[in-house]
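Rule-based calculations on the coordinates, nothing more; no lab input. What you see is a predicted model; the values in this text were computed from it and never measured. Note: ideal-geometry Cβ built from the backbone for every residue, glycine included; neighbour counts use all protein chains shown.
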Amino acid sequence: MLQKLGKKIMIFDGAFGTELQKYNLELGKNPEEINIENPQIIKNIHKSYIDAGADFLSTNSFGINPYKFKDSKYCLNELVMAAINNAKEYAKKELIFFDMGPLGKLMAPVGTLTFEDAYNAFKEVIDIASPYVDGFILETFSDIYELKAAVLAVKENTAKPVFALMTFDETKRTLSGTTPRIMVEVLEGLNVDALGVNCSLGPKDLEPIIKEILDYTHTPVMIQPNRGLPTIIDGKTMYLLPIEEYDFYIKKFINMGVSIVGGCCGTNPEFIKRISKYKDSRVKELNNPYYTVATSSSNLVDIKDVVVCGERLNPTGKKKIKEALINEDYDYLILEAIKQEKTSDILDVNVGVPKIDEVKVMKNVITKLQEVIKAPLVIDSSNIFAIENAARIYNGIPIINSVNGDYEVMDKIFPVAKKYGCLVIGLTLDNSGVPKTAIERFLIAKRIVEHAKKYGINKNKIIIDTLTLTASAEQELVKETIKALNLVTSELNVKTTLGVSNVSFGLPNRLLLNKTFLTLAMHNGLNMPIINPCEEEMIEVILAYKALNNIDVNFVDYISKVNSNVDTKNNMSNSLDLPQLIKMGLKQEVSIKTKELLENLDAINVINDVLIPTLNEIGENYDKGKIFLPQLMMGAEAVKEAFKVISDKFPKSDNYKGTIIMATVKGDIHDIGKNIIKVILESYSYKVIDLGKDVSKETILEAYLKYKPNAIGLSALMTTTVLSMEETIKFLKQNKCISPIFVGGAVLTKDISKEINADYYSKDALEFVNILNSIIEVNDGKN
Ligand code: THG
């Protein structure tokens, strides 16, 4: 049946959680435990989707993973098998897809989960399920890094197909800042069988997101929208979008090119029945072009025209970088990267120091850099193990630097590039060395592109380096490099790169030669010069070139950047100040800098004039979508570090702004939201009493009586636990709790918060802080 995928419309099933609500199950039941305790309910829901015409059934296993079920009375094996068997009970020709959601823990650096921890957790479940299912659906992911771990766990441990779906918010980004296009590029690179979007928003608001996916994908697209946005009626979360409207949008999305349709929150068998009329109609062909793109998790660089690759994370000729690599002083490397990022699109990372454990150091450096640096990274190494390890843990699409025309090298690197979706730089040399003439170099480029094709690597994934030789040694060959660029660009239609500064070794006024060579090269097709981006004149040449070639239309970049270069120069010579260090989340540096400041400033000034304004600025940038959750969290953690220094120095001044009790309500084991809020509140000097997750109303009351907090924050993620939240609020108020109660969580809205009698609703941590600050100021006024 999967042969139809991408050719004929296929139907997925609809929501489970909202269907389960209908059975009035005991509050606090894990939906996945019902597989064992009340299997007939689950079987019936599956049957209703079979009867509605679904081609695919997803098992009731969204939350089954070693973290969420650590304390369950059931083992993973029992839960997984029960979920599969329930789906199989009435299935005939329907395909059974094992459903997996996020682990419910944040990845490092925001949380504690490493990439391999996440991989292993998914693998544990996949190993149990894979013999018994037809495929895997990974859905509702908001962190592309966690999703990468999950996809690899499927691909490396079974040959079964994998569909991967993420959720986005109104800003068209996921929580960690991934755009629909970045998702497409990364998931296609990982060779998933279908990709798409589920949950998120109602179908109307999903339209621009689906459009962006369809504009770039070459993989079948699957969608499962919610039935509009939730409202609360009689304590129950309801989704009320009329079926006609749902159908209208599904039809529209099918006409746009979607392949698989189903439903998320609020949909039911009637909805699936309604849209199953599209089953087997033809999928629209997309024929999208292929681009050469490198990405981080939140930033995409389309390598065309001219993009700058910064060369300075390289020990060649730099004693301090060499020392930093040997001593594993990652903060120094991050600072070097930050300096370059201002004027680079992409950064090359080379850790080649003799005797260093390159595999380990490359992996660690890439891990650290990607937590702070938004620019995509180049893995510059000749060690295949260093390359493979770095490509595996890279959060995005990296560039491998490099292969050459030697088949032995290509046969080692191309499988890695194919598996992880990397771009690859191909040097036009082979085991007989660097050919002199342009045509010979062109022929090696052609060989590289053709050999890559055999590994399923399209030429858009290759960037050819026609090799800059040293003019002082081989003056007559400079023009061969340039000619070869021209040939590769016009005859192969492949993107190109060069390490520019090699040209001028041993000659006076190297900058002049570098600038001139760069200009010649750009004019002949050079797309990605590898240069020292801190050399202002090199950057200016590129700005001028783009302006004169009508690439920088209306001189927008030219005018803003050439003028502002004066500031950049001043900035570059000085080291970063405390606000900048905080924004980069460099805890160690923040700590040192804070100590320095305290030598000349009072603690109160550091707090009021530096820390708070910086936090506010970070908050504003988050609100505006300039930075994303990981940067917000790292900034908040860094501010906590500064406060720690202050309170160590002035032990008595540990006066908190107020005390807040935080809890995830009974029945809900999702505590990501609460944990985020805790960090942000603490960074604003609130004392947080964290009661954990799945907390009974009695425990919360007890804590209230003990601490008399300035506020109580309750969170709930699931539709099923909003009711529990309402009960908790009622109970607290009946017992004369006068602290204002804040609520938040994915399914809550301002209206719902009113209905369940909460005092305040906050959509995120920053709104929580803003409201708190205003309440507490008012109270201060009274006292
Ligand atoms: N092609 C590809 N990759 C490459 C190169 C290339 N990677 C490495 C190199 N060449 C490009 N990167 C560098 C890095 C450092 C230096 C030169 C090129 C260097 N830096 C010293 C410095 O900045 O202090 C010295 C500076 C100087 O004297 O110019 O030497 O060609 N695919």
Using the alpha-carbon centroid of each, what span in Å lies between the stretch 106-180 and the stretch 471-516? 43
If you keep only loop residues by DSSP, which trypsin sites (Lys or Arg not before Pro) in the stretch 617-686 have at most 13 other Cβ atoms within 10 Å of their Cβ? K624, K626
From the phi of every residue in the stretch 296-303, what ³J(HN,Hα) in whole Hz does the Karplus formula 6.51 cos²θ - 1.76 cosθ + 1.60 yield, where θ is phi - 60° and glycine or proline is x? 9, 6, 10, 9, 10, 10, 8, 7
From fewest to most C-beta neighbours within 10 Å, the residues E270, E185, E408 line up as E408, E270, E185
List the residues whose amide H sits under 5 Å from the amide H of I627, counting only those 5 or more places along or on another chain, with H placed 1.01 Å from N in the peptide plane. Y622
In degrees, nearest 10, the alpha-carbon axis of helix 612-623 is tilted away from the dominant principal axis of the alpha carbons of the chain by 90
Filter on K595/K687; K587/K657; K319/K342; K148/K339 - keep pairs with C-alpha separation over 25 Å: K148/K339
Around Y216: net Lys/Arg minus Asp/Glu count, Cβ-Cβ under 12 Å: -3
Full-extension gain between K172 and L601, please, as 0.36 nm times their residue separation minus the C-alpha to C-alpha distance. 150.2 nm
Estimated vicinal HN-Hα couplings, Hz - the stretch 321-328 in sequence order (Karplus 6.51, -1.76, 1.60; Gly, Pro = x): 5, 4, 4, 4, 5, 5, 8, 6
Partners for K363 among aspartates and glutamates (Cα-Cα distance below 16 Å; same-chain residues under 8 apart left out): E116, D117, E328, D329, D331, D348, E371, D380, E388
For the chain, with the dipole built from +1 on Lys and Arg beta-carbon atoms and -1 on Asp and Glu ones, taken about the Cα centre, which of V695, T18, I539 lies farthest toward the positive end? T18
Of all DSSP beta bridges located in the chain, what percent are antiparallel, nearest 5? 15
Projecting each Cα onto the charge dipole of the stretch 296-436 (Lys/Arg +1, Asp/Glu -1 at the beta carbon, about the Cα centre), which of V403, V365, V308 comes out farthest on the positive side? V365
Can you pull out the chymotrypsin sites (Phe, Trp or Tyr not before Pro) in the stretch 1-68 that DSSP calls coil and that have at most 16 other Cβ atoms within 10 Å? Y23, Y67
Please give the helix 358-372 orientation as an angle from the longest Cα principal axis of the chain, in degrees from 0 to 90, rounded to the nearest 10. 60
Helix 765-782 against the longest principal axis of the chain: what's the angle in degrees, Cα atoms only, rounded to the nearest 10? 60
Output wanted: per-residue J couplings in Hz (rounded whole) for the stretch 488-496, from phi through Karplus 6.51 cos²θ - 1.76 cosθ + 1.60, θ = phi - 60°, x for Gly and Pro. 4, 5, 7, 8, 9, 6, 10, 6, 10
Among I612, L512, V590, whose Cα projects farthest towards the positive end of the dipole of the stretch 484-622, with charges put on the beta-carbon of Lys, Arg (+1) and Asp, Glu (-1)? L512
Listed here are the pairs K666/K736; K123/K763; K583/K678; which of them are more than 22 Å apart at the Cα? K123/K763
For T659, what charge total do you get from the other residues with a beta carbon under 12 Å from its beta carbon, if Lys and Arg give +1 and Asp and Glu give -1? +2
DSSP loop trypsin sites (Lys or Arg not before Pro) in the stretch 224-282 with at most 16 other Cβ atoms within 10 Å of their Cβ, which ones? K279
Non-local amide H neighbours of A294 (under 5 Å, H modeled in plane, Pro and chain starts lacking H): which ones? V301, I303
Which aspartates and glutamates, if any, have their Cα less than 16 Å from the Cα of K436, not counting same-chain residues under 8 positions apart? D465, E474, E476, E480
If we sort 103-110, 493-500, 447-454 on the protection proxy, mean other Cβ atoms within 10 Å, highest first, what's the order? 493-500, 103-110, 447-454
Reachable lysines from K92, Cα under 21 Å, same-chain residues fewer than 8 places away excluded? K4, K8, K43, K47, K160, K273, K277, K279
Two pseudo-spin positions, 7 Å from Cα along C-beta at A544 and at Y291, lie apart in nanometres by 3.0
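Starting from the Cα-Cα distance between D609 and D357, subtract it from 0.36 nm times their residue separation and give me the gain in nm to one decimal. Don't skip to the end; give the middle numbers.
Numbers: separation 252, 0.36 × 252 = 90.72 nm, distance 4.37 nm.
86.3 nm is the gain from fully extending D609 to D357.
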With runs of 4+ DSSP H residues as the only contributors, calculate the mean residue ellipticity of the chain at 222 nm using -39,500 (n - 2.57) per run, divided by the residue total and rounded to the nearest 500. -14000 deg cm²/dmol
Taking every other residue with Cβ under 13 Å from the Cβ of F414 and scoring Lys and Arg +1, Asp and Glu -1, one gets +3
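Could you put I393, I531 in order, starting from the residue whose Cβ has the fewest other Cβ atoms within 10 Å?
With the fewest neighbours first, I393, I531 line up as I393, I531.
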Would you mind ranking K211, K368 so that the residue whose beta carbon has the fewest other beta carbons within 10 Å leads the list? K211, K368
Which of K644/K674; K68/K211; K374/K515; K374/K495 exceed 31 Å between C-alpha atoms? The answer is K68/K211
